[in-house]
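I have placed the structure first, in the form of structure tokens, so that the comments after it can refer back to it.
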Amino acid sequence: MFARSVPALLGAWLCCWAALAWAQGGGTVRIGVLAYLGADAAVEEWTPVATQLRRALPGRAVELISLDHAALNEAAQARRVDFIITNPGHYVELESRLGASRILTLQTGSTLPTSAWQAVGAAVVTLAGNPQVQRLADLRGQRVAVVGKEAFSGYQLVWRELAAEGIDPASDLRQLLVVGLPMDRVLEAVASGAADAGFVRACMVESRPEWRQRFRVVAPRPEMGFACATSTRVYPNWPIATLRHTDPALARAVTIALLEMRAGDSPITWTVPADYQSVHEMQRELKIGPYANLRVPTLTALAQRYWPWLAGLLGLIALGGVYTLHVERQVQARTADLRQAAREREELEARLRQSREQAEHMARLSVLGELSGTLAHELNQPLAAIGNYAQSLIRRVDQQRLSPDAAREAASEMAGQAERAAGVLSRIRAFARKRVAQRQVVDPVALVHEAVALFRGMQVHAPPVDVVDKLPAGTMLTVDALQVQQVLLNLLKNGWDATRHLPAERQQLTVTLRRDTSGVHIAVRDRGEPLSTGQQSHLFEPFFTTKADGMGLGLSICRSIAEAHGGRLDASAAEDGLGLQFTLTLPDDDRNPTRGA
Ligand code: ADP
């Protein structure tokens, strides 16, 4: 008798000692409980625990805080609870996330008596009269009511069994109707026909006679020592756990106090902590709770998780796209404008080129016009000579005095004169021809002689023109020969204009060719009167003329021809102070930038 009462006495003593020890620390004992049947039901269910603790820890307030899954997590994290009573699945999750540590496992609850190790299962229920759902596999394509996807016995236990059958409840059911806590709602959904079946905690159907009549548990499994019908494997009972911040003295006091709860006195009893390995295995298989990181995220899951980022990114891409389009449009518009501008410029240049060619042609004709006043006399001479020879031939034939030699001599003179006239005319024709500017490689000395011949051929009393060649042998130019001739003709004509009224010795014109590093220089000098500095500064201005019949365009056109060849035309007083010297400088073939243009 005494021996039997020793452990009881010892327990009572320990309990009092621990309670007193903790009581010195003070404070309210706050116990968070998972409200799977609703807040009121939870408080009611766990009231015996609170009563026992108040009794064992005199002077201490004990508060039961009933919360749902997420709120309980939050309260534990914020240290608003010291103990947690929750389902095994949630406990395993808290174990890894917040360091929850089980101190006891529920032995018997308010439901049917069970063993602590074999206590929690889940039942797939359907209406008793529904023949459609006989096996778990029959759930495929059905509407199923659940309290929530985080519910342990209300979802995850059945999920494990369905997964073993190759069924994914998230995709293979016709509808997964989430009704929320309390769990009665699941039965209500099945009863009302809103769902074909529902997942509930095992033993729930058995807890009320009317439910037992109305519903049937699908595919019940024989589980040793488990009193209720279960469609799943069974797992250890709910634990009570401490958190990292829980005072160890309080934990010890609570453990001892709860172990004191005796069957018969209390509807709830506790035992030493059970092994929750089977819960770990279940969660590992389903890749949930602490094993969620094993799950390879699907695109949809990623999209669901990161949709604000995704939406932002898509928004940015869309904005980028719109901006790119806008820029593209602007670029196209600007390109079109530029093309139009380039076209207009080309047209303008073509028109300009045409007018320049026309102007040059007019200038050539004008030079010819000015020179050709005497052209008639020039042609008259050979024509008169030819006439004279012809008359003389006729006379001699009439007098029968024409020897073959005399006839030959007269005819060859006539031919010579005709050739001279034809030469003058062909040069003029070539010079006056209207044509497009073209460049060719020419011998500058030959070019100067040709210009001098043309000039002299058109004058009755042509002044002597001296050509002084100081060029290295083989010097060549790539130029528009006709344009250069035009310049030379202009310069020669101006020189003759400036000296024709002077004594014969001042009429001499000299053309000198030389070459230096800046190119080939062709200088035309006369021995006329010197010009005033004022006059000299206006020489190249268009329409500057001192002649009664002058146009004042010759020199300005000559200068533009020189520049178009990459060269220059300059005027200076002659070195001996007599007359002017005009120097046309052209880049020779080694340096001509426009060669072949
Ligand atoms: P134009 O011969 O029709 O007058 P130019 O442009 O050829 O037109 O010449 C412009 C002016 O420059 C001439 O009117 C003349 O006054 C002066 N000039 C040109 N060459 C000489 C020169 N060799 N000696 C003196 N004056 C000249």
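The table that follows gives values for the structure above.
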| read-out | value |
| --- | --- |
| Complete set of residues in region 139-166 that are over 21 Å from ASN87 (Cβ atoms), in contact (Cβ under 8 Å) with a residue 24 or more places away in the chain and surrounded by fewer than 19 Cβ atoms within 10 Å (Cβ to Cβ) | ARG140, GLY141, GLN142, ARG143, GLU165 |
| Cβ-Cβ under 8 Å pairs, at least 6 apart or on other chains, region 534-552 side within 21 Å of LEU584 (Cα to Cα) and modelled with pLDDT under 85, far side more than 6 Å from the ligand (Cβ to nearest atom) and acidic (Asp, Glu) | GLY552/GLU541 |
| Count of region 568-597 residues which are modelled with pLDDT of 90 or more, away from the ligand (no atom under 16 Å from the Cβ) and more than 25 Å from ALA359 (Cβ to Cβ) | 0 |
| Extreme residue, modelled with the highest pLDDT, among residues of region 366-389 that are in contact with a Lys or Arg (Cβ under 9 Å, 6 or more places away or on another chain) and within 16 Å of the ligand (Cβ to nearest atom) | VAL367 |
| Out of ASP570, ASP516, ASP526, sole residue that is buried (at least 17 other Cβ atoms within 10 Å of the Cβ) and free of Cβ contacts under 8 Å to residues at least 60 places away in the same chain | ASP526 |
| Pair list, Cβ under 6 Å, 6 or more apart: region 472-498 residue in contact (Cβ under 8 Å) with a residue 40 or more places away in the chain and small (Gly, Ala, Ser), other residue within 11 Å of the ligand (Cβ to nearest atom) and outside any strand (DSSP E or B) | GLY495/ASP526; ALA498/ASP526; ALA498/GLY528 |
| Number of positions in region 172-222 that are within 60 Å of the chain's Cα centre (by Cα), part of a strand (DSSP E or B), surrounded by fewer than 18 Cβ atoms within 10 Å (Cβ to Cβ) and of a type outside the set (A, V, I, L, M) | 1 |
| Region 513-542, subset within 15 Å of the ligand (Cβ to nearest atom) and closer than 21 Å to VAL445 by Cα, residue nearest to the chain's Cα centre (by Cα) | ILE522 |
| Of residues in region 552-567 being in contact with a Phe, Trp or Tyr (Cβ under 6 Å, 6 or more places away or on another chain) and among the small types (Gly, Ala, Ser), the one farthest from the ligand (Cβ to nearest atom) | SER556 |
| Unmet criterion (only one of (1) in a loop (DSSP other than H, G, I, E, B); (2) closer than 20 Å to LEU447 by Cα) for THR545 | (2) |
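The rows are residues; the columns are (1) among the aliphatic types (A, V, I, L, M); (2) buried (at least 23 other Cβ atoms within 10 Å of the Cβ); (3) more than 25 Å from HIS280 (Cβ to Cβ).
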| position | (1), (2), (3) |
| --- | --- |
| VAL49 | yes, yes, yes |
| VAL62 | yes, no, yes |
| HIS69 | no, no, no |
| GLN77 | no, no, no |
| ASN87 | no, yes, no |
| VAL92 | yes, yes, no |
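The values are calculated or read from the model by the stated rules, or taken from the named source; none is laboratory data. For clarity, every value in this text was computed on a predicted model and none was experimentally measured. Note that each Cβ is placed from the backbone with ideal geometry, even for glycine, and that neighbours are counted across all protein chains shown.
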